[in-house]
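*Asks:* Handing you a structure now.
The values are calculated or read from the model by the stated rules, or taken from the named source; none is laboratory data. What you see is a predicted model, and the numbers here were worked out from it, not measured in a lab. Positions of Cβ are generated from backbone atoms using ideal geometry, with glycine treated the same way; all protein chains shown enter the neighbour counts.
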Amino acid sequence: MNRYHLTHVTEFSYDGPVSESYNQVRLRPIHDERQTCVSFRLTTTPASRGTAYLDSFGNWVHQFNILAEHRRLQVEAKCVVLAHDAAALVPGAMTLAELDSRRAELNEEYYDFLAPSAYVPHLPGLLDLIESAEKDSGGTVSGFALAASDLIHERFRYVKGATHVHSSIADSLSVGAGVCQDFAHLLLGVVRMRGLPGRYVSGYMVPESSNAPDARLEEVIGGQASHAWAEVYLPEGGWFGLDPTLGNAVGLRHVRVAYGRDYNDVAPVRGIYRGESGQRLSVDVRVRPELNDDGHEQMNRAPETEAADESVATERPQQPAQQQSQQ
């Protein structure tokens, strides 16, 4: 397992005074058998007292309000995460024909992760990808998921600015390009239309050493910033992560923060405020392995006890999402 320190700072600068800022963030990493969130602390400037709850997908959501006038808002999340070894996606025996016979069962249990959404509509433009993935699948469900991820990685170009935060897969299909958010949405569209449940994953990717072959590519796609990928549910083996942006399976360097149907369910920072001032957004994300006294990365650390939440928060029932995103 690997141990990482993460710092995520989001800052909004306003052209004039604003007030009554109501915000929610999804920045605390997931804590489960594959990943341990050892500690988490959320602070804001101006200071605020917040509340926290688990949403319907099991993600931690922190809410805070700043009622007084202010011209700047900074949200800083710091955490320590242990990443555990996860089971690799290996070719399975279930065929695509068997999957078709279980469509009704899967749709009943995983409807949210099969139904189209605003970011992931079921479009005719995906049919060619589905057909090609079937040809390369060897007739198996796991082969189809791997082939679909590989095809998206090969056919679509990573181009910063080709899409925007509210783009659906229709935009990526039209320009043949996108960013990690679009690549994840494309994979979700392909697997869902074929009858496989898929969920969007937001998180971070710890970069390799600068001497590694993929280091420059990872720097381009946000190796030191937020990242996104997808998880596909295979009836014979559970949820498996695939990263179509990098063309790799998800591994120890992928740190999961939140699950959802698409980006709209997991936006890191979202809120509304009162005021007519424009705003500028800056985000600084730093992810690094823990170092020992000799300056070497520490691996194979024993897991810690249950995660400690150091933010000022108490649990409360699930609340509706805010209506406007500060993105």
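*Asks:* Among the numbered conditions (1) surrounded by 14 or more Cβ atoms within 10 Å (Cβ to Cβ); (2) outside any strand (DSSP E or B), tell me where V75 comes up short.
*Replies:* So V75 meets the others, but not (2).
*Asks:* Does L173 qualify as being of a type outside the set (G, A, S), out of contact with any Phe, Trp or Tyr (no Cβ under 7 Å at 6 or more places or on another chain), more than 27 Å from G238 (Cα to Cα) and in the same structural domain as G203 (by TED's automatic domain parsing)? Break it down stepwise before answering.
*Replies:* Numbers: of a type outside the set (G, A, S): yes; out of contact with any Phe, Trp or Tyr (no Cβ under 7 Å at 6 or more places or on another chain): yes; more than 27 Å from G238 (Cα to Cα): yes; in the same structural domain as G203 (by TED's automatic domain parsing): yes.
Yes; evaluated as a whole, the condition is true for this residue.
*Asks:* A further question on this structure: Evaluate the following for A118: is it in contact (Cβ under 8 Å) with a residue 40 or more places away in the chain, assigned to a loop (DSSP other than H, G, I, E, B) and assigned by TED's automatic domain parsing to the domain that holds H166? Can you show your working first?
*Replies:* On the way: in contact (Cβ under 8 Å) with a residue 40 or more places away in the chain: yes; assigned to a loop (DSSP other than H, G, I, E, B): yes; assigned by TED's automatic domain parsing to the domain that holds H166: yes.
Spelling it out, A118 is indeed in contact (Cβ under 8 Å) with a residue 40 or more places away in the chain, assigned to a loop (DSSP other than H, G, I, E, B) and assigned by TED's automatic domain parsing to the domain that holds H166.
*Asks:* Evaluate the stretch 49-66: report whether one residue or more is of a type outside the set (V, I, T), in a loop (DSSP other than H, G, I, E, B) and farther than 22 Å from H254 by Cβ.
*Replies:* Yes, the conditions are met somewhere in the stretch 49-66.
*Asks:* For E105, which of the numbered conditions (1) surrounded by 15 or more Cβ atoms within 10 Å (Cβ to Cβ); (2) at pLDDT 95 or above; (3) within 30 Å of H31 (Cβ to Cβ) fails to hold?
*Replies:* Condition (1) is where E105 drops out.
*Asks:* Identify the single condition in (1) out of contact with any helix residue (DSSP H, G or I) (no Cβ under 8 Å at 6 or more places or on another chain); (2) in contact (Cβ under 8 Å) with a residue 60 or more places away in the chain that P46 does not satisfy, given that it satisfies every other one.
*Replies:* P46 satisfies every listed condition except (2).
*Asks:* Okay, moving on. Filter the stretch 151-185 down to residues that are of a type in the set (V, I, T) and either loosely packed, with under 14 Cβ neighbours inside 10 Å or over 19 Å from E231 (Cα atoms) (or both), then give me how many there are. I'd like the intermediate steps shown before the answer.
*Replies:* As a first pass, look at the stretch 151-185 and keep what is of a type in the set (V, I, T): 152, 159, 163, 165, 169, 175, 179.
The next check asks that each one be either loosely packed, with under 14 Cβ neighbours inside 10 Å or over 19 Å from E231 (Cα atoms) (or both); those that pass are 159, 163, 165, 175.
Residues that pass the stated criteria total 4.
*Asks:* So, one more: Filter the stretch 122-139 for residues that are more than 14 Å from G198 (Cβ to Cβ) and touching a helix residue (DSSP H, G or I) at 6+ places or on another chain (Cβ under 7 Å) and give the result. Can you show your working first?
*Replies:* Quick first cut of the stretch 122-139, residues more than 14 Å from G198 (Cβ to Cβ) only: 123-125, 127-128, 131-132, 134-139.
Matches in the stretch 122-139: L123, G125, S132, E134, D136, S137, G139.
*Asks:* If you scan the stretch 147-203, which residues turn out to be of a type in the set (V, I, T), out of contact with any Asp or Glu (no Cβ under 9 Å at 6 or more places or on another chain) and closer than 15 Å to D262 by Cα?
*Replies:* Residues satisfying the conditions are V165, V179, V190, V191.
*Asks:* Residues being within 22 Å of V269 (Cβ to Cβ) and either assigned to a strand (DSSP E or B) or not β-branched (V, I, T) (or both): count how many of those fall in the stretch 187-209. Full working, then the answer.
*Replies:* We begin by selecting, within the stretch 187-209, every residue within 22 Å of V269 (Cβ to Cβ); these are 199-206.
Now drop any that are not either assigned to a strand (DSSP E or B) or not β-branched (V, I, T) (or both), which leaves 199-205.
The qualifying residues number 7.
*Asks:* Now, a different point. Regarding the stretch 200-219, can at least one residue be identified that is in contact with a helix residue (DSSP H, G or I) (Cβ under 6 Å, 6 or more places away or on another chain) and at pLDDT below 95? Show your work before the answer.
*Replies:* We begin by selecting, within the stretch 200-219, every residue in contact with a helix residue (DSSP H, G or I) (Cβ under 6 Å, 6 or more places away or on another chain); these are 200, 207-208.
Still in the list and also at pLDDT below 95: 207-208.
Scanning the stretch 200-219 turns up at least one residue that is in contact with a helix residue (DSSP H, G or I) (Cβ under 6 Å, 6 or more places away or on another chain) and at pLDDT below 95.
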